[in-house]
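S.K.: Structure in C-alpha cells, see below.
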Amino acid sequence: MTNLFNYIDRPSPVHRLTGATKFVCLMLWSFAAMSTYDTRMLAALVIGSMIIFKVGRIKIKDVSFMLGFTAVFLVINSIMIFVFSPRHGTEIYGTCTFLWGMSGRYALTAEQLFYHLNYLLKYLSTIPIVLLFVCTTNPSEFASSLNKIGIKYSVSYAVALALRYIPDIQKQYHEISQAGQARGIEMTKKASFTGRIKAAAGILIPLIMSSMERIDIISNAMELRGFGKGKKRTWYMGRPFKVQDILAMAGCGLLVALAAYLAYVNGGRYYNPFI
Amino acid sequence: MDRKILLKFDGFGFKYNAQSEPTLYDINLTLRRGERILIAGPSGCGKSTLVHCINGLIPFSYKGEMSGSLTLKGRETKDMSIFDISHIVGTVLQDSDAQFVGMTVAEDIAFALENDCIADPMLHDRVKEVASMVGIDDHMRHAPDELSGGQKQRVSVAGVLVDDVDILIFDEPLANLDPATGKQAMDLIDRMQQETGATVIIVEHRLEDVLHRPVDRIVLMNKGRIVADSTPDELLSSDELNKCGVREPLYITALKYAGVSITPDKHPSSLGRMVIDDADARKVTDWYHMNTRAVKEGTREELLKAEGVVFTYPGTERKALDGISVSVGRGEMTAIVGTNGAGKSTFSKVICGFEKTDEGIITLSGEDLASLSIKERAERIGYVMQNPNQMISKVWIKDEVAMGLRTRGVPEDKIEERVEKALKICGLWKMRKWPISALSFGQKKRVTIAAILVLDPEIIILDEPTAGQDYRHYTEIMEFLTELNRKGITVLMITHDMHLMLEYADRAIVFSRGHVIADDKCYNILTDKKIIKEASLKETSLYDLALKCGIEDGTDFVKHFIDHERETVRVEQSMEEVYD
C-alpha cells in the first residue's frame, strides 16, 4: 500500500531510537546542513549521513524511487540557479576566476562551480537522513512523538488519522473514477483541458460526499470512546527516551553549534578558499 | 428478577432541531443488569435516535429538545458528559471499518484507554487481555486493510470492552457480514455478554439471524413509539412484526402459510427448541403436497460468457480470479455470492473493463469484449455501485440521469426522451425536478439505476443492491429489479444476503478463493452443506423445518416455498400497492 511513510521494519540502532528523537535529530541536522556553506563541514556531514544510513540497514533499492525523484529535482534546481544567476558564486566569494579562457554572461567561473559543489553537498548530507527518517519511523509512533515534543495531541492524532485513512480514500477514488469512466467521464489525454477539469469535478464531488459521510462516523466513533476528554492522553506506541536518544539529540545539537562556530570563524556562512 | 436497573426511559421524547416533528414519543423502557434486548423496527422508526440518546451522541453531537426523563444508573443523562456516559455505555457502530481509528489492531483496541491516560504496563496488559478475549490476539500488528469484515468487528468489540462498560450497544452488527460470519458475530456477542455480565442492546432488523442466540426481550418500534416490548416467543406469535414491516423468520412464514397457528408456548423464537406436534407437522406436509407444479424451462439464449478468466491485482501474488468460467443467459436474474475476497467484486470489475484480464475470454452476445474500452462496454453493461453517494455527482435528478448521454454527445432532444423513459421506469418521474439531496437512500439508489438504464444496457450488474435497507425498502428495490427483469433486462447481483438470492434470483453462482465452486438453482445451493461451509453461507431455516416435519426432500420443500411466495404472495402485494 502506498503511503507517505514507507516504514521498513529491520532491527537497527536507528530503529531503536524513538520517533521523537529522530524527528528532532532530522530538524537539527537539516538546520545545520542548511545554514552552513562551510565545505569542510558539509563534506563531513555527507560522510556522516552515509555511515548512519548504512547503520539504519536501509538498502538503496528500498528508496530508489525517492532517490530518483530527488535527483531529478536537484538537477533541475542546479540548472535553474545557473540560468538565472550565473555569477552567484562571484557575488558570494568576491573574486571572478574564468575557467578555460571563457568570457560572457554564461561563462563558467571557478567560484560558480564551487558554489554548486556546496549546494550539491547540502543535498547529499540531508537526503539520506530524510530517507532514513521516513523508512525507520513507525507512523503510529510518529503521532505520539509529535505529541511528546509539545504539539497538541488532537493535532498529532490528526496526522495519524490521515495516515490511517489515506489508503481508504485512494481506494475509494479509484472505484469512483472507474464508475465515472463507465458513465463516460473521459480521464485520458483524449479529453481537452477543460473537459478534464470537468471530469475531475465529476469524480471529486462523489468522493467528497462519501468522505463527509465517513468523517461524521469517525468523529462520532472517536467521541464515543472518549477522545478529547482530558488535556493529555497516553500512547500505546509511545516509548520513553533512553540514553541513546539523549546522546543522538545532543550530537545533533553539537552540529548546530559547530555550524554557528564556523560561521563565526569564517566571518559569515561561506567558507572562502579564493582569498 | 430483582436485578439492578441500569437504564430507564420515563415518558421520554426527542425532537431534532432540524425537524418540525418529534422523532421519539413517550418512550417508557427499563433495562436491568445482564439483560439482552433486541430493538427492531423499520428505517425511520426512531431506533437509531433511541440508541444515540443512550450513548450520549444525543444531545452532545446531535442537537434537539428532550422531554421526560432518561436515567443511567440513576443519574439523569442530561447532567452527564458524553465521556461520563462512555464509561457506562460502549457502542459498536454498524460500519466497523470507519470505526477503526487506529493504525493497527492493538492501537485501535487501546484507543479508549489512551484517552483515559492509562499508562504502561497497564495499557499493554489490558489490550492483550481483551484481544485474546475476542480472539484477535494473533493479529495485533495488522492494519485494517489486512483484516476481514468479521475480524474488524472483533476489533471494534474489543475496543469497547476494554473500558469495562455496563451496557454494550451493537448497531446493526450483521449489516456488513456474510451469513456465516454473522452467525459467529452473534456467538461472540453472546459469549461476551456471559463473560462480562454486561447488558446487551442489539439494534437489527434481521430478526431471524439475531435469534440464532437467545435474547430476553424484543422492543419493537414504529413511527417513533415503542409498539411492543415482550419476549421473542410472544412477539412472534402476534401480528405486530408484519404490521411494522419487519420480517419474521422464514420458518414462521412457512408455518403460517401451512395454516399452523403460532403461540408462545410452542417457543417459536428458536426452530431448534420449537414444539411442532404431529398435527402441525401434518399441516406442513399437506401444504407441501398440495400443489407441486412442474417448472417451465424456456429456451435459453446465452448473453454473457466468461471462459477461463484469470486475474491478479498488480503487486500481489495470489490470483484474485483463477480460471472463472460462467455463462449468463439473456433475461436471467442471477446472484453472485461468496465471502469477502472470494473474487465476486473483482469479477464484475473485469466484466466492466475496470481491470484487464491476464488470461481468458469474456464475450457478450458472442462478441469478444477485450477490444472495448470502459466507456464502450458501459453502453452494454451497466454497473451500479453499492453506495449511491459514490456515483452521484450532479445536483438535479434529471442532470444526473442525463449525464451518461451528454458525455456521449447524444443530441438534447433525444436525451430528453430517453431520460423521461428511464425516470418513468424507475418511478422517479414525479420527482424529476427535485434536487438529489432531498431523496432517501433508496430513492438515490433508484437515481443511480436510472442513470445506468438510460444508456440502454443489455445487462446490469448491481453490487449489494439492498445493503443497509430495511425489509420494506428491500422489498421495494427488489420488486423494482424484478420488474426491470420482466421487461427483458438481464440482472446480475453481487450479494451475501441469503434471503435476496433465495427469493429473487433464478440461479446463484458461488465464488470461493477465485474459483467458481457452484452454479445452480438457489434452493439447491442453500441446502448443500458442503457449499454452504466453503462459501461462508448459512443453511436456510426452511430446510430444517422440512426435516423437523418429516419431509425427506428438504430442498424441494424450499423450492415449493419460494414458488408459493412468488406466485401467490407477491401478486397479492402488488395488488395492494395498486389500491394503496
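S.K.: Name the single residue, out of those in the range A:133-155 being buried (at least 21 other Cβ atoms within 10 Å of the Cβ) and of a type in the set (S, T, N, Q), that is nearest to B:Asp145 (Cα to Cα).
M.R.: Looking at residues that are buried (at least 21 other Cβ atoms within 10 Å of the Cβ) and of a type in the set (S, T, N, Q), I get A:Ser140.
S.K.: Can you name the residue in the range B:221-245 that is in contact with a Lys or Arg (Cβ under 9 Å, 6 or more places away or on another chain) and not in a helix (DSSP H, G or I) and, of all such residues, is nearest to B:Lys266 (Cα to Cα)?
M.R.: B:Thr231
Listed here are the residues, each with its yes/no results for (1) at pLDDT 90 or above; (2) among the β-branched types (Val, Ile, Thr); (3) in contact with a strand residue (DSSP E or B) (Cβ under 9 Å, 6 or more places away or on another chain); (4) farther than 15 Å from B:Tyr257 by Cα.
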| site | (1), (2), (3), (4) |
| --- | --- |
| B:Ile525 | yes, yes, yes, yes |
| B:Leu545 | yes, no, no, no |
| B:Ile562 | no, yes, no, no |
| B:Glu567 | no, no, no, no |
| B:Glu572 | no, no, no, no |
| B:Glu577 | no, no, no, yes |
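S.K.: Would a scan of the range A:33-44 turn up a residue that is in a loop (DSSP other than H, G, I, E, B) and under 16 Å from the mean Cα position of the chain (by Cα)?
M.R.: No; the residues of the range A:33-44 include none that is in a loop (DSSP other than H, G, I, E, B) and under 16 Å from the mean Cα position of the chain (by Cα).
S.K.: Right, here's the next one. Restricting to the range B:20-31, what's the tally of residues that are within 27 Å of the chain's Cα centre (by Cα) and either surrounded by fewer than 18 Cβ atoms within 10 Å (Cβ to Cβ) or charged (D, E, K, R) (or both)?
M.R.: 0
S.K.: Then there's this: In this structure, does B:Gly44 turn out to be over 25 Å from B:Gln193 (Cβ atoms), in a strand (DSSP E or B), of a type outside the set (S, T, N, Q) and in the same structural domain as B:Val162 (by TED's automatic domain parsing)?
M.R.: No; evaluated as a whole, the condition is false for this residue.
S.K.: So which residues in the range A:212-239 are more than 7 Å from chain B (Cβ to nearest Cβ), surrounded by fewer than 18 Cβ atoms within 10 Å (Cβ to Cβ) and touching a residue at least 12 places away in the same chain (Cβ under 8 Å)?
M.R.: A:Gly228 - this is the single residue of the range A:212-239 that is more than 7 Å from chain B (Cβ to nearest Cβ), surrounded by fewer than 18 Cβ atoms within 10 Å (Cβ to Cβ) and touching a residue at least 12 places away in the same chain (Cβ under 8 Å).
S.K.: Another one. For the range B:89-115, which residues satisfy the criterion of being more than 7 Å from every other protein chain (Cβ to nearest Cβ), assigned to a helix (DSSP H, G or I) and among the charged types (D, E, K, R)?
M.R.: The one that is more than 7 Å from every other protein chain (Cβ to nearest Cβ), assigned to a helix (DSSP H, G or I) and among the charged types (D, E, K, R): B:Asp108.
S.K.: Still on this structure, I have one more. Report yes if some residue within the range B:279-295 is farther than 30 Å from B:Val215 by Cβ and touching a strand residue (DSSP E or B) at 6+ places or on another chain (Cβ under 7 Å); otherwise report no.
M.R.: Looking for residues that are farther than 30 Å from B:Val215 by Cβ and touching a strand residue (DSSP E or B) at 6+ places or on another chain (Cβ under 7 Å), one finds none in the range B:279-295, hence no.
S.K.: Check B:Asp120, B:Asp171 and return the single one that is without any contact (Cβ under 8 Å) to a residue 24 or more places away in the chain and farther than 19 Å from A:Arg164 by Cβ.
M.R.: When all the criteria are applied, what remains is B:Asp120.
S.K.: Check the range A:122-132 and report whether any residue there is surrounded by 21 or more Cβ atoms within 10 Å (Cβ to Cβ), in a helix (DSSP H, G or I) and among the aromatic types (Phe, Trp, Tyr).
M.R.: no
S.K.: Can I ask one more? If you scan the range B:160-183, which residues turn out to be under 29 Å from B:Val337 (Cα atoms), in contact with a helix residue (DSSP H, G or I) (Cβ under 6 Å, 6 or more places away or on another chain) and part of a helix (DSSP H, G or I)?
M.R.: Answer for the range B:160-183, where residues must be under 29 Å from B:Val337 (Cα atoms), in contact with a helix residue (DSSP H, G or I) (Cβ under 6 Å, 6 or more places away or on another chain) and part of a helix (DSSP H, G or I): B:Pro179, B:Thr181, B:Gly182.
S.K.: Here's something else I'd like to know. When the residues of the range B:374-406 are filtered to those that are more than 21 Å from B:Glu458 (Cα to Cα) and facing another protein chain (nearest Cβ under 7 Å), which remaining residue is modelled with the highest pLDDT?
M.R.: B:Ile392
S.K.: Here is a further query. Answer with yes or no whether B:Lys15 is surrounded by fewer than 22 Cβ atoms within 10 Å (Cβ to Cβ), assigned to a strand (DSSP E or B) and touching an Asp or Glu at 6+ places or on another chain (Cβ under 9 Å).
M.R.: In short, yes.
S.K.: Scan the strands (runs of 3 or more DSSP E) fully inside the range B:473-555 and keep the ones with 3 or more residues being within 18 Å of the chain's Cα centre (by Cα) and buried (at least 18 other Cβ atoms within 10 Å of the Cβ).
M.R.: Strands (runs of 3 or more DSSP E) meeting the threshold: B:490-494.
S.K.: Quick one: which residue in A:Ser78, A:Ser85 is within 26 Å of A:Met27 (Cβ to Cβ) and out of contact with any Asp or Glu (no Cβ under 6 Å at 6 or more places or on another chain)?
M.R.: After applying the criteria, what remains is A:Ser78.
S.K.: In addition: Output the residues belonging to the range B:116-168 that are on the phi > 0 side of the Ramachandran plot and either within 8 Å of another protein chain (Cβ to nearest Cβ) or of a type in the set (Gly, Ala, Ser) (or both).
M.R.: B:Cys117, B:Gly135, listed by residue number.
Here's the yes/no breakdown for (1) within 25 Å of B:Gly468 (Cβ to Cβ); (2) touching a residue at least 24 places away in the same chain (Cβ under 8 Å); (3) buried (at least 22 other Cβ atoms within 10 Å of the Cβ); (4) not charged (D, E, K, R):
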{"residue": "B:Pro42", "(1), (2), (3), (4)": "yes, yes, no, yes"}
{"residue": "B:Cys45", "(1), (2), (3), (4)": "yes, yes, yes, yes"}
{"residue": "B:Ile54", "(1), (2), (3), (4)": "yes, yes, yes, yes"}
{"residue": "B:Ile58", "(1), (2), (3), (4)": "yes, yes, yes, yes"}
{"residue": "B:Met66", "(1), (2), (3), (4)": "no, yes, no, yes"}
{"residue": "B:Arg75", "(1), (2), (3), (4)": "no, no, no, no"}
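S.K.: Another question, then. Scanning for something polar (S, T, N, Q), within 21 Å of the chain's Cα centre (by Cα) and under 20 Å from B:Glu172 (Cα atoms), does the range B:215-224 turn up at least one residue?
M.R.: Scanning the range B:215-224 turns up at least one residue that is polar (S, T, N, Q), within 21 Å of the chain's Cα centre (by Cα) and under 20 Å from B:Glu172 (Cα atoms).
S.K.: Further, regarding this structure: Going by the conditions given, is B:Asp138 without any contact (Cβ under 8 Å) to a residue 12 or more places away in the chain, in a helix (DSSP H, G or I) and either surrounded by fewer than 19 Cβ atoms within 10 Å (Cβ to Cβ) or over 19 Å from the mean Cα position of the chain (by Cα) (or both)?
M.R.: yes
S.K.: Name the helices (runs of 4 or more DSSP H) wholly within the range A:150-269 that hold at least 1 residues that are under 24 Å from B:Ser437 (Cα atoms)?
M.R.: Answer list for the range A:150-269: A:153-182, A:193-224.
S.K.: Also: Can you pull out the strands (runs of 3 or more DSSP E) entirely within the range B:262-373 that have at least 1 residues that are at pLDDT 90 or above, at positive phi and of a type outside the set (Ser, Thr, Tyr)?
M.R.: In the range B:262-373, the matching strands (runs of 3 or more DSSP E) lie at B:302-311, B:321-329, B:359-364.
S.K.: In the range B:188-209, what count of residues is obtained for those that are among the basic types (Lys, Arg) and within 20 Å of B:Gln151 (Cβ to Cβ)?
M.R.: 1
S.K.: Return yes when B:Gly34 is within 14 Å of chain A (Cβ to nearest Cβ), more than 25 Å from the chain's Cα centre (by Cα) and not in a helix (DSSP H, G or I) and no when it is not.
M.R.: No.
The values are calculated or read from the model by the stated rules, or taken from the named source; none is laboratory data. Because the structure is predicted, anything quoted here is derived from the model rather than measured. So basically every Cβ, Gly included, is an ideal-geometry build from the backbone, and we count neighbours across all protein chains shown.
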